[in-house]
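Before any comments, here is the structure.
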Amino acid sequence: AEMASMYPNKSGGTAVYTHEAFRKWPIVGAIANWGYWCGWIPTIPVNLIVAAGYLKSFVPHLTDTQVLIAAIGMAVFLYAVNYVGLKPGIWSSGIMAVCAIGPMAVIILSPVFHPSLFHSGNLFPFKPLNGSWHSHASWMLMFKWMFVALWSAYSIESASTTIAEFKDPH
């Protein structure tokens, strides 16, 4: 919010604010800007893999090729919605968020009504490679995927991407 108030006429969010902050050293700003977006690149395939996995679990008779085509179709659809403009993109995001509440409620409340659906192992899914917590490879793999999950889930600063589009960003 502070950066958005400092640069109310700049769209693009954190990456653009970083570039602006390093105007005195243009190469540093450019590297920071591109580094930010390079960090976001893995989120698209990771989220498509998760979506394809969910699709495969709900419709198990689909082949891997059909699931891949569906995941690519979802990506193209979401790109098209966001390409049309900011307003339809935000509206579609809101609609999808509301639609996600129903399945989330079913998943969360199912063990309350059917206790046999609760498995404590699902709360702590970390399992080391070859059963050893002392393995360097186990820790590196766990940290790598924790980073990817965190980066994919943490997007609160993405609100700054659209803040300059508001009528009064202050």
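The values are calculated or read from the model by the stated rules, or taken from the named source; none is laboratory data. Just so we're clear, the structure is a prediction, and the values are computed from it rather than from any experiment. FYI the Cβ positions are ideal-geometry reconstructions off the backbone, even for glycines, and counts take in every protein chain you see. Protein only, heavy atoms only, side chains kept; ligands, DNA and RNA dropped before computing areas. Shrake-Rupley method; radii C 1.70, N 1.55, O 1.52, S 1.80 Å.
The table below lists the values:
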quantity	calculated
Inter-residue pairs, beta-carbon under 8 Å, first at pLDDT 85 or above and in region 63-86, second assigned to a helix (DSSP H, G or I) and loosely packed, with under 15 Cβ neighbours inside 10 Å, 6+ apart	71/49; 75/44
Considering residues of region 73-106 that are open to solvent by 60 Å² or more (accessible area, probe 1.4 Å) and among the hydroxyl-bearing types (Ser, Thr, Tyr) only, the residue farthest from residue 51 (Cα to Cα)	83
Flag for residue 35 being under 25 Å from residue 5 (Cβ atoms) and either of a type outside the set (Val, Ile, Thr) or touching a Pro at 6+ places or on another chain (Cβ under 9 Å) (or both)	yes
Residue satisfying all of: in region 119-132; open to solvent by 80 Å² or more (accessible area, probe 1.4 Å) and in a helix (DSSP H, G or I); modelled with the highest pLDDT among these	130
Test: residue in region 31-47 that is surrounded by 12 or more Cβ atoms within 10 Å (Cβ to Cβ), among the small types (Gly, Ala, Ser) and touching a helix residue (DSSP H, G or I) at 6+ places or on another chain (Cβ under 6 Å)	yes
Scope region 138-158; condition at pLDDT below 70 and exposed (fewer than 12 other Cβ atoms within 10 Å of the Cβ); matching residues	153, 154, 155, 156, 158
Qualifying positions in region 48-64 - open to solvent by 90 Å² or more (accessible area, probe 1.4 Å) and either in contact with a strand residue (DSSP E or B) (Cβ under 9 Å, 6 or more places away or on another chain) or in a helix (DSSP H, G or I) (or both)	49, 54, 58, 64
Positions within region 1-30 being among the charged types (D, E, K, R) and either modelled with pLDDT of 80 or more or open to solvent by less than 80 Å² (accessible area, probe 1.4 Å) (or both), in sequence order	10, 20, 23, 24
Residue 72 being among the hydrophobic types (A, V, I, L, M, F, W, C) and within 19 Å of the chain's Cα centre (by Cα)	yes
Only listed residue being over 24 Å from the mean Cα position of the chain (by Cα), open to solvent by less than 50 Å² (accessible area, probe 1.4 Å) and at pLDDT 65 or above, chosen from 116, 135	135
